[in-house]
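These notes concern the structure reproduced below.
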Amino acid sequence: NRGFNFRCTVNKKMEYQVLSRKYRPQKFDEIIGQPHVVETFINSIKSNRIAHGYLLSGLRGVGKTTTARVFSKTINCLEKDKDSPCEKCQNCIEIKESRSLDVIELDGASNRGIDEIREIKETVKYPPLSSAYKIFIIDEVHMLTREAFNALLKTLEEPPDNVIFILATTDPYKIPDTILSRTLRFDFKRVTNKELSNHMQNILSKEKIKYEDNALDMIAFKADGSVRDALSILDKIISYSHSNVSYDLVKESLGIIEDQVYLKIFGYILKNDERTLLNEVKEI
């Protein structure tokens with residue numbers, strides 16, 4: 001109002017992302033620990049033998065939903081001459097940001113009733129807007145009710161040519177046989193400790209954070225085959241240790257007792273040395 005011109009520069013800080021989200025695989029070659037699944041998906045895309053229904057089962061945090069998203073991006077990528085998503089086209093960007101109208105993700109725990117499945121059956125009738133396929137990813141599908149499973153049967157058996165269902169679960173034994181027989185099942189394995197350690201080493205190198213190898217081995221052991229659990233623990237250690245992942249800090253943060261302590265206790269038991277045993281337990 002007084003004739004002054006102010007130039008305002010707003011510095012927008014990037015929102016912090018946890019490691020499991022920041023380094024979530026975006027292509028098949030970035031998925032670790034599941035070569036049998038990745039190779040099968042790649043070959044099916046190359047040979048154009050794409051099924052209408054898939055069931056991905058396995059431990060939490062081993063890559064089921066990630067694989068479903070990468071598969072969705074690959075077959076809907078606008079660069080058709082590539083075996084992996086280009087990450088630049090509209091479809092790849094929208095699927096990566098979970099805002100694609102042709103790749104619909106549902107949580108089976110929150111959408112477990114027959115009404116939600118009926119809504120899916122109505123949506124299936126319409127063709128995809130900008131993609132080759134309309135894909136429904138239903139996570140924790142074992143949480144659906146019996147009525148919901150029954151309503152899904154016919155649609156899952158004979159969907160339109162451009163519709164694909166990808167069901168993910170941590171408990172495949174709760175899924176009816178009628179659903180299992182209508183899908184291709186892939187069992188995801190626990191990721192080995194060595195693969196988890198190597199994965200964390202690559203991430204910490206990119207983040208320029210110091211680490212000790214035995215500290216990462218301990219985190220991998222504690223994660224018990226889950227990539228997401230390993231990265232969640234690693235996130236906590238980084239915050240706790242001020243960007244220095246050391247063995248002692250990991251042990252202190254996770255409350256881990258070393259094997260040598262257990263061996264000493266077993267030795268006292270074998271020797272019937274009650275007094276020393278009680279003192280050791282008290283010290284612990």
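The values are calculated or read from the model by the stated rules, or taken from the named source; none is laboratory data. Nothing here was measured: the structure is a model prediction, and the numbers come from that model. Cβ atoms come from the backbone with ideal geometry, glycine included; neighbour counts cover every protein chain shown. Protein only, heavy atoms only, side chains kept; ligands, DNA and RNA dropped before computing areas. Shrake-Rupley method; radii C 1.70, N 1.55, O 1.52, S 1.80 Å.
Below are the figures for this structure:
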quantity: Lys210 within 22 Å of Val141 (Cα to Cα) and not small (Gly, Ala, Ser); calculated: no
quantity: Test: residue in segment 63-76 that is out of contact with any Leu (no Cβ under 7 Å at 6 or more places or on another chain), farther than 16 Å from Leu152 by Cα, in a loop (DSSP other than H, G, I, E, B) and of a type outside the set (Asp, Glu); calculated: yes
quantity: Residue check, Arg49 under 20 Å from Asp139 (Cα atoms), open to solvent by 20 Å² or more (accessible area, probe 1.4 Å) and out of contact with any Ser or Thr (no Cβ under 8 Å at 6 or more places or on another chain); calculated: no
quantity: Selection count, segment 101-141, where residues are more than 17 Å from Ala51 (Cα to Cα) and hydroxyl-bearing (Ser, Thr, Tyr); calculated: 4
quantity: Check on Ile233, surrounded by 14 or more Cβ atoms within 10 Å (Cβ to Cβ), of a type outside the set (Asp, Glu) and part of a helix (DSSP H, G or I); calculated: yes
quantity: Residue match in segment 190-200 (condition: over 30 Å from Val103 (Cβ atoms) and surrounded by 15 or more Cβ atoms within 10 Å (Cβ to Cβ)); calculated: yes
quantity: Pair list, Cβ < 7 Å and 6+ apart or interchain, from segment 152-165 residues that are closer than 16 Å to Glu119 by Cα to residues that are open to solvent by 40 Å² or more (accessible area, probe 1.4 Å) and among the charged types (D, E, K, R); calculated: Thr155/Lys121; Leu156/Arg182
quantity: Output for segment 79-101, where each listed residue is without any contact (Cβ under 8 Å) to a residue 40 or more places away in the chain and assigned to a loop (DSSP other than H, G, I, E, B); calculated: Glu79, Lys80, Asp81, Lys82, Cys86, Lys88, Cys89, Glu97, Ser98, Arg99, Ser100, Leu101
quantity: Cross-chain or 6+ apart pairs with Cβ under 9 Å, segment 46-60 first and in contact (Cβ under 8 Å) with a residue 40 or more places away in the chain and closer than 9 Å to Thr183 by Cβ, then in a loop (DSSP other than H, G, I, E, B) and hydroxyl-bearing (Ser, Thr, Tyr); calculated: Ala51/Thr183; His52/Thr183; Gly53/Thr183; Tyr54/Thr183; Leu55/Thr183
quantity: Selection from segment 181-224 of residues that are within 27 Å of Ala51 (Cβ to Cβ), in a loop (DSSP other than H, G, I, E, B) and either acidic (Asp, Glu) or in contact (Cβ under 8 Å) with a residue 60 or more places away in the chain (or both); calculated: Arg182, Thr183, Phe188, Lys189, Arg190, Val191
quantity: Which listed residue, of Arg228, Arg275, is more than 30 Å from Arg21 (Cβ to Cβ) and modelled with pLDDT of 90 or more; calculated: Arg275
